[in-house]
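Participant: For reference, the structure I am asking about is given below.
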Amino acid sequence: MAKKTSNDHAADHAASSSENHHEGSSVGFYIFIALVLGAITYLEFALVEYQDTWFTALSNLWILVLLVVLSVVKFILVVMFFMHLKGDHRTFAGFFSSGMAIAVGTLFALSALFTVRSLATAQTPQQEGAGVAEAQGQEAEEHGAEQSEQGTETEASLAHRFEYPAPKTLNVDIIDLGPRPQLVRGGANSATVQTDAGNSQTASSRPGGPPPITLPDPFAQGAGGAAGQNAAQPAAPPAGEAQAAGGAAALLVDADTSAGEGVYNGNCASCHQATGAGVPGAFPPIAGHAPELALAEGGREYLVNLLLYGLQGEIQISGQAYNGAMPAWAQFSDDELASTLNYVLSSWGNAEALPPEYAAFTADEVAAQRDAALSTAEVYELRQTLELP
Amino acid sequence: MSSLIPGHTTHTEHRSTPLSDRKLLMWIFLASDCMFFAALIGTYLVYNGRSLVGPYPTDILDIPLTTVSTFVLLMSSFLMVLALHAIRMNDIPKFRLWTLGVAFFGSIFLGFQVYEFSHFIYEGLTLQQNLFGSTFFTLTGTHGVHVTIGVLWLLSLLIISYVRPMTSQDALSVEIAGLYWHFVDIVWIVIFTAVYLVEFI
């Protein structure tokens, strides 16, 4: 260390003299501050640990506010009295508070960057209150418009937030390889795959295979015809038939999917891509694949569960393994999730793979699965049990 | 070290108290470290709740354990002011005792952190497991490195006190080490609230 300058010595003297001057019994004072700091730490601990027994009168927001205030108080006590910023030269305080100001600004700027976008594209998970649920119905329309606007804007930023290479050519391949109904029926020879038909055949011929579980179908009223048909004939009707009927999945196409489009672009497109092509090995394609699920036995409920509770575990689609994780999206309203399903099932040529009378998803269908409260592993199990394509 | 403050030596009449360059430098460093930690804490907070796979914070964070280690760190700060007070009073034995206490408490805190980290890794939370793992380990790990440096710094002051006679003239060195130590403490005060407590409301 360099030898001390006279000015350092002067500072020493100034500091100690000023200290002696206004803190005669400084040790006692330090003990007092330490006791206060310890007490605050215990209070913070108690606020969180005994929230449900001691502090039932306080709402979560109040606890949060109290915790922030208490930690700020501790912060200030240490800076003022342990670091002696109070009573020390004001230049120190000036430098430190400028640094603090920039630091706090950084915190706010960072959280603003993220929360403003989240508000535009998603609703906060805390929206479970009854009042909110009521309001959601009214909000849904304006929200939808807002979202579709935001969706396109955030798409680009989301795309580069995840550093997946965007293999354009591969995506196209996936779409082409995607087991469309005509491919399935036409080509058992096709290298593409284990599709609905193939799968269910192997399933029935496999002796040790688990028996397929049929879930109660709470929304048979709308999709009754289609569901019945599917059970009897797992594969989709030939594309030609659907087109001949004038507009594939007309009911789906007619459904209002503006809210769903916003939700999709803001939340799903970063993994499943704006084209629904997915990412090979990680995120399954929706284009071409979603109708297979929608038409499979138990597929409608599965799709709702998939959105509500997510999915984790390796799955095989058209001979390609996928092992990304699907998060749960239960924070969205029933309307939004139904609309999202209708959006993906009516986009990217998916509608052509569905029969004209295929019913659009309704909020009630989503609501019916809310009580199930599945884990991602249970959704995975459901998928395996149903032997979905 | 020369004077960095303009007019420092020549126009003494404009100053109320003389500024110590080393102390000023430490305060400037602490100000910059504030921004550094703000970036890390901010990153942790904005990615909070965005992990696609577990373990999630509420699965593995341990509030009682962390409260104890927070308390230990706070008390080490208290011992630090006692050590500074002792050397100002030229009470070298007490200075050694308190400084050893600070280093000891700091090591206990580090011990808690080592236990916490190894427990988390055992539970499957690694740096690359999910966003929580990446941001949590980066933030608390950086803080842990700060604590480690602080412990080494204080131990070196302790060794110096045996190598050569220390007087109240060395109080400035102790004070600067103390500033650093208290800063590490206040950063933990913020982390304890922002990372641990808020998660369990």
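Participant: Checking residue B:173 against (1) buried (at least 24 other Cβ atoms within 10 Å of the Cβ); (2) facing chain A (nearest Cβ under 10 Å), which single condition isn't satisfied?
Facilitator: (1)
Participant: Test each condition in (1) surrounded by fewer than 20 Cβ atoms within 10 Å (Cβ to Cβ); (2) among the aliphatic types (A, V, I, L, M); (3) touching a Phe, Trp or Tyr at 6+ places or on another chain (Cβ under 8 Å) for residue B:201 and report the one that comes out false.
Facilitator: Only one criterion is unmet by residue B:201, namely (3).
Participant: If I ask for residues that are of a type outside the set (Val, Ile, Thr), within 29 Å of the chain's Cα centre (by Cα) and within 8 Å of another protein chain (Cβ to nearest Cβ), which ones from segment A:48-72 would you list?
Facilitator: Within segment A:48-72, A:49, A:51, A:60, A:64, A:67 qualify.
Participant: Next question. Counting only residues that are surrounded by fewer than 18 Cβ atoms within 10 Å (Cβ to Cβ) and within 14 Å of chain A (Cβ to nearest Cβ), which one in segment B:123-133 is modelled with the lowest pLDDT?
Facilitator: First pass over segment B:123-133, keeping only residues surrounded by fewer than 18 Cβ atoms within 10 Å (Cβ to Cβ): B:123-124, B:126-128, B:131.
With within 14 Å of chain A (Cβ to nearest Cβ) added as a condition, the list becomes B:124, B:128, B:131.
Numbers: B:124: 89, B:128: 86, B:131: 89.
Across segment B:123-133, the extreme among qualifying residues is B:128.
Participant: Pairs needed: first member in segment A:72-83, more than 14 Å from residue B:178 (Cβ to Cβ) and among the aromatic types (Phe, Trp, Tyr); second member anywhere, open to solvent by 10 Å² or more (accessible area, probe 1.4 Å) and part of a helix (DSSP H, G or I); C-beta distance under 9 Å; at least 6 residues apart or different chains.
Facilitator: A:75/B:190
Participant: Given A:363, A:274, A:325, which one is open to solvent by less than 30 Å² (accessible area, probe 1.4 Å) and under 22 Å from residue A:253 (Cβ atoms)?
Facilitator: Working: A:274 fails: open to solvent by less than 30 Å² (accessible area, probe 1.4 Å); A:325 fails: under 22 Å from residue A:253 (Cβ atoms).
Criteria check complete, one pass: A:363.
Participant: Then there is this: Only one residue in A:314, A:365, A:357 is acidic (Asp, Glu) and modelled with pLDDT of 85 or more. Which one? Lay out the reasoning, then the answer.
Facilitator: Values: A:314 fails: modelled with pLDDT of 85 or more; A:357 fails: modelled with pLDDT of 85 or more.
Result of the check over A:314, A:365, A:357: A:365.
Participant: Checking residue B:157 against (1) in contact with a His (Cβ under 8 Å, 6 or more places away or on another chain); (2) of a type outside the set (Lys, Arg); (3) over 22 Å from residue A:44 (Cα atoms), which single condition isn't satisfied?
Facilitator: Checking residue B:157 against (1) in contact with a His (Cβ under 8 Å, 6 or more places away or on another chain); (2) of a type outside the set (Lys, Arg); (3) over 22 Å from residue A:44 (Cα atoms), the one that fails is (1).
Participant: What residue, of B:142, B:148, B:135, is touching a residue at least 12 places away in the same chain (Cβ under 8 Å), part of a helix (DSSP H, G or I) and over 16 Å from the mean Cα position of the chain (by Cα)?
Facilitator: On the way: B:142 fails: over 16 Å from the mean Cα position of the chain (by Cα); B:148 fails: over 16 Å from the mean Cα position of the chain (by Cα).
Matching residue, one of B:142, B:148, B:135: B:135.
Participant: Working only within segment B:176-198, note down all residues that are more than 7 Å from chain A (Cβ to nearest Cβ) and within 11 Å of residue A:83 (Cα to Cα).
Facilitator: Correct list: B:176, B:177, B:178, B:180, B:181, B:183.
Participant: One residue is enough: does segment A:332-344 have a residue meeting the conditions surrounded by fewer than 22 Cβ atoms within 10 Å (Cβ to Cβ), of a type in the set (Gly, Ala, Ser) and at pLDDT 85 or above? Explain how you work it out, then say what you get.
Facilitator: Step one: filter segment A:332-344 for residues surrounded by fewer than 22 Cβ atoms within 10 Å (Cβ to Cβ), giving none.
Scanning segment A:332-344, I find no residue that is surrounded by fewer than 22 Cβ atoms within 10 Å (Cβ to Cβ), of a type in the set (Gly, Ala, Ser) and at pLDDT 85 or above, so the answer is no.
Participant: When you check residue B:77 against the structure, is it assigned to a helix (DSSP H, G or I), polar (S, T, N, Q) and surrounded by 16 or more Cβ atoms within 10 Å (Cβ to Cβ), yes or no?
Facilitator: Values: assigned to a helix (DSSP H, G or I): yes; polar (S, T, N, Q): yes; surrounded by 16 or more Cβ atoms within 10 Å (Cβ to Cβ): yes.
Spelling it out, residue B:77 is indeed assigned to a helix (DSSP H, G or I), polar (S, T, N, Q) and surrounded by 16 or more Cβ atoms within 10 Å (Cβ to Cβ).
Participant: While we're here: State whether one or more residues within segment B:109-122 are more than 10 Å from chain A (Cβ to nearest Cβ), of a type in the set (Val, Ile, Thr), in contact (Cβ under 8 Å) with a residue 12 or more places away in the chain and surrounded by fewer than 19 Cβ atoms within 10 Å (Cβ to Cβ).
Facilitator: Within segment B:109-122, the first condition is being more than 10 Å from chain A (Cβ to nearest Cβ), and the residues that meet it are B:109-122.
Of the ones still in play, those that are also of a type in the set (Val, Ile, Thr) are B:114, B:121.
The next check asks that each one be in contact (Cβ under 8 Å) with a residue 12 or more places away in the chain; those that pass are none.
No: zero hits.
Participant: Moving on to the next point. For residues in segment B:42-74 being open to solvent by 50 Å² or more (accessible area, probe 1.4 Å) and part of a loop (DSSP other than H, G, I, E, B), which is nearest to the other protein chains (Cβ to nearest Cβ)?
Facilitator: So, considering only residues that are open to solvent by 50 Å² or more (accessible area, probe 1.4 Å) and part of a loop (DSSP other than H, G, I, E, B), the one nearest to the other protein chains (Cβ to nearest Cβ) is B:52.
Participant: Quick check: anything in segment A:73-87 open to solvent by less than 50 Å² (accessible area, probe 1.4 Å), modelled with pLDDT under 90 and more than 9 Å from chain B (Cβ to nearest Cβ)?
Facilitator: Taking every residue of segment A:73-87 in turn, none turns out to be open to solvent by less than 50 Å² (accessible area, probe 1.4 Å), modelled with pLDDT under 90 and more than 9 Å from chain B (Cβ to nearest Cβ).
The values are calculated or read from the model by the stated rules, or taken from the named source; none is laboratory data. Values in this document were obtained by computation on a predicted structure and should not be read as measured data. All Cβ positions, glycine included, derive from the backbone under ideal geometry; neighbour counts span all protein chains shown. Side chains included, ligands, DNA and RNA excluded: accessible areas come from the protein's heavy atoms. Shrake-Rupley method; radii C 1.70, N 1.55, O 1.52, S 1.80 Å.
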